[in-house]
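Written below as structure tokens is the structure these notes are about.
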Amino acid sequence: MTTGVLSPTGRIRSWTRAVFPYVLAILVAFAVAGAFIGSMGFNVLRAYETILFTSFRTPYGFIQTLTKFVPLTLQALAFTVPLTAGKFNIGGEGQLIAGAIGASVVGILLAGLPGVLLLPLVLLGSVIAGALWAAIPGWLLYRFRISEVLTTVLMNFISFSLINYVATEMWPDPAAGHPTTVPIGKGGMLPNIIARPPLHMGFLLTILAVAFVYIYTTRSVGGYELVATGANPRAAHVYGIDVRKLSVLALVLGGALGGLSGGIEVAGVHHRLIEGLQSNYLALGILTGLIAKGNNLAVPFVAFFIAILEVGASALQRTMMIPGEMVIIVEALIVLFVLLSDVVKVGEGA
Amino acid sequence: MHVSQQIITLARLVILTLVPYVLAAQGTMLGGRAGVFSVAQEGIMLVSAVVGFLGAYYTGSLFYGALLAMLAGGLVGLAFAYFTTTLKMDQFVIGLALFFATAGLSTLIYKIAIGVTLKPPLIPTLQDIPIPLLERIPFLGDILFRQNVFVYFTIFLSVGLWYLLYRTGLGLEIRSVGENPLAADSLGVNVTLVRYATTIVGGMLMGLAGAYLPMAYTGTFTEDIVRGRGWLSIALTYFGGWAPHTIFLAALFFAGVEVFAFRAQVTGIGIPYQFLLMLPYIATILVMIPGFRWAREPAFLGKNYDREKRGIS
């Protein structure tokens, strides 16, 4: 499996040349979706307006967008950070669930601890659980050379049963009517940085994670080895980089980020473990990572855009009765057209 | 119940369960032997499960439903072939994008057609059609020849694909395209045509695998109907050594684990059912350890062939 399309290809020469294919891809994707929505007899312009502007019409819509931005960015990074080393992590969903379980176990068992202690422990629990969950495919890759693509996906399915077990057998909340645990300790809940409408601190943690990934991959030796491994594993090996070990490290780092996204869902959003809390964040995260062409720094910007579309999608469903899944088709089309723009450029010999 | 009767019941169940794995894995294998490697199985199976279900629901015929599901799978295969073979885009990335697109599409189609209902619409499930004479063979007759038509098709397909790939000139051409498209091309094999054809037919087989799920098991469509069988079929293709006959045999293991996990849930053996549900995935990860060693994948698996550049792109 080649990563030709996605490998970070040096510095972008000019912003316009980088942004133009995106604008075109978005326009074409919207045109296709518009034709589809129109053919179903809906008002196309109103649908566009709903998708694009719901996030900016009310403070609530905007905060909702920022809240969605958090798991999307972290899930996308869980995909793009291993990709930096040429590894495909399709297991962000399982890592999110493992992280959510880790956070809940800590948050429930140590519920009495004060916030200063409990909150960092809850988040640490999620990061470690996510990293361990990804370390299994990492180890299988290192020891037996089994493709990480399949093992990371299969770990997702294992996590679905695990979360069900924890939520129905270990600490079930009998009043919930859906597999749910009792709440974590008050101290483990993420405080809000904006009170009304509420925005939890996970937003800041996400920005920190983005900054960490950026600094690590561009300004540190370890990160440089990661990039070198992804760019040309053979050359990296010749220069004395342990390529196999770095592949594992890349997966574990991705798992830690995926785990953090689960921890934040528990500590910031639900305050308990709920089956299904992973939503469709894996799909959105990977689509985000693909639109960003694997560029870690581009991820938060793309994720913000996808968050706008997603908030628009739920409004679309509420006000116009157009199924929200419509939007994931738009996003997949954007991916195809963004990737297609590379083909066109190569074809022109640029 | 008599012990031999129990064994027959279990074996029947294994054969019944094997069908979607084999169909999807043979589809993966067929495209793969020509060098086109799709990872969209899970999505194709989802979208064709919904198309097959709705087709059968509206036409009142499982046959037309299955046909429509094959058409849907073939269309996704065509799109995949176009993006990879014609446009030379990364096979894995396109496969992922198509997986998410088709998975989203499946829910979308169901919502548009049916919407949210208290009682989901139902289709009749497949009937067993005993084969005259053969059904009278002791043991084997019960296990193999009193099954539904998908089972017969799956056996027939596996034998047919083996014959095609290893006993015909066309099969040699298909394999040569996956092993060395440059050499195949210079000998006059139409690489593009072979890749399109195998990818489209492969997509149709995955489509049939998807349609089987509502038609044989549930009679209705739910979002979690495929439950990773598409991804498992990729592992099965490796475990089955990228060859039709060994894939069929290897599928016995996959189906066996699923049947065991299911039976253990029903009878209850003291293990929480959640851990039994994990079993197929854990078992698959475990068999991939030897599976990845002995499977020799086609040399050009996942690589596009660019005639202009006389090599991969």
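Backbone phi angles across the stretch A:187-193, fed through the Karplus curve with coefficients 6.51, -1.76 and 1.60 (θ = phi - 60°), yield HN-Hα couplings of x, x, 7, 6, x, 8, 9 Hz in residue order; Gly and Pro are listed as x. Using only alpha-carbon positions in the stretch A:75-300, the gyration tensor eigenvalues give semi-axes of 31, 19, 15 Å once each is multiplied by 5 and square-rooted (largest first).
Applying a 10 Å radius around every beta-carbon, put A:304-310, B:109-115, A:171-177, B:22-28 in order of their mean neighbour count, most first.
Output ranking for A:304-310, B:109-115, A:171-177, B:22-28: B:22-28, A:304-310, B:109-115, A:171-177.
Starting from 0.36 nm per residue, how many nanometres of slack lie between A:F212 and A:L27 once their C-alpha separation is accounted for? Contour length minus the Cα-Cα distance gives 63.3 nm.
For the protein assembly as shown, the C-alpha radius of gyration divided by 2.2 N^0.38 Å, with N the number of residues, is 0.96.
Using the Cα gyration tensor of the stretch A:9-153, with a ≥ b ≥ c the square roots of its eigenvalues, what is the shape: rounded (a/c below 1.5), prolate (a/b larger than b/c) or oblate (neither)? Numbers along the way, then the final one.
Working: a/c = 2.26, a/b = 1.45, b/c = 1.56.
The shape class here is oblate.
Taking amide H atoms as placed 1.01 Å from N in the peptide plane, the amide H of B:D306 lies under 5 Å from those of B:G311, B:I312, B:S313, each 5 or more residues away in sequence or on another chain.
Paramagnetic label reach from B:L170 (point 7 Å along Cα→Cβ; backbone nitrogen cut-off under 17 Å): within the stretch B:225-243, no residues. Karplus-derived 3J(HN,Hα) values for the stretch B:193-208, using 6.51 cos²θ - 1.76 cosθ + 1.60 with θ = phi - 60°, are 4, 4, 5, 4, 4, 5, 5, 5, 5, x, x, 5, 5, 4, x, 5 Hz; glycine and proline are entered as x.
Peptide packing for A:323-331, A:131-139, B:287-295 was compared via the average number of neighbouring C-beta atoms within 10 Å per residue; ordered from the highest value, the list is A:131-139, A:323-331, B:287-295. Taking θ as phi - 60° and the Karplus parameters 6.51, -1.76 and 1.60, the scalar couplings of the stretch B:235-248 work out to 4, 4, 4, 5, 4, x, x, 6, 9, x, 6, 6, 4, 4 Hz in sequence order, x denoting glycine and proline. Taking label points 7 Å from Cα along the Cα-to-Cβ direction, A:A176 and B:E179 give a separation of 5.6 nm.
Using the rule -39500 (n - 2.57) for each DSSP H run of four or more residues, divided by the residues of chain A, the 222 nm mean residue ellipticity is -23500 deg cm²/dmol. Expressed as a whole percent, the accessible area of the stretch B:121-238 that falls on carbon and sulfur atoms is 69 (1.4 Å probe). Between the alpha-carbon centres of the stretch B:128-187 and the stretch B:8-80 there is a gap of 16 Å.
Between A:N156, A:N89, A:N280, the GNM of chain A built on Cα springs shorter than 10 angstrom shows A:N280 fluctuating the most. Near A:H200, the amide H atoms lying under 5 Å from its own belong to A:I193; only residues 5 or more places off or on other chains count, and H is placed 1.01 Å from N. Per-residue shielding of B:230-239, expressed as the average number of other chain Cβ atoms within 10 Å of the residue Cβ, stands at 3. Among the residues of A:315-326, the average count of other protein chain beta-carbon atoms within 10 Å of the residue beta-carbon is 3.
Between amide H atoms placed 1.01 Å from N, distances below 5 Å from A:I146 occur with A:L141, all of them 5 or more places distant or on a separate chain. The alpha-carbon atoms of the stretch B:16-226 define a convex hull whose volume equals 121 cubic angstrom per residue. Gain on full extension, evaluated as 0.36 nm per residue between B:L118 and B:R136 minus their Cα-Cα distance, stands at 2.1 nm.
Of B:G95, B:G178, B:G141, which is the most mobile in a GNM of chain B whose springs link Cα atoms less than 10 angstrom apart? Most flexible of the set in this elastic network: B:G141. Magnitude of the charge dipole for the protein assembly as shown, about its Cα centre and with charges confined to Cβ atoms of Lys, Arg (+1) and Asp, Glu (-1), is about 800 debye. Across peptide B:276-285, the average count of Cβ atoms from other chains found within 10 Å of a residue's Cβ is 5.
The values are calculated or read from the model by the stated rules, or taken from the named source; none is laboratory data. In this text the structure is predicted, and so the values were computed from the model without any measurement. Backbone-built Cβ (ideal geometry, glycine too); neighbour counts: all protein chains shown. Accessible surface is based on the protein model in full, side chains and every heavy atom, while ligands, DNA and RNA are left aside. Shrake-Rupley method; radii C 1.70, N 1.55, O 1.52, S 1.80 Å.
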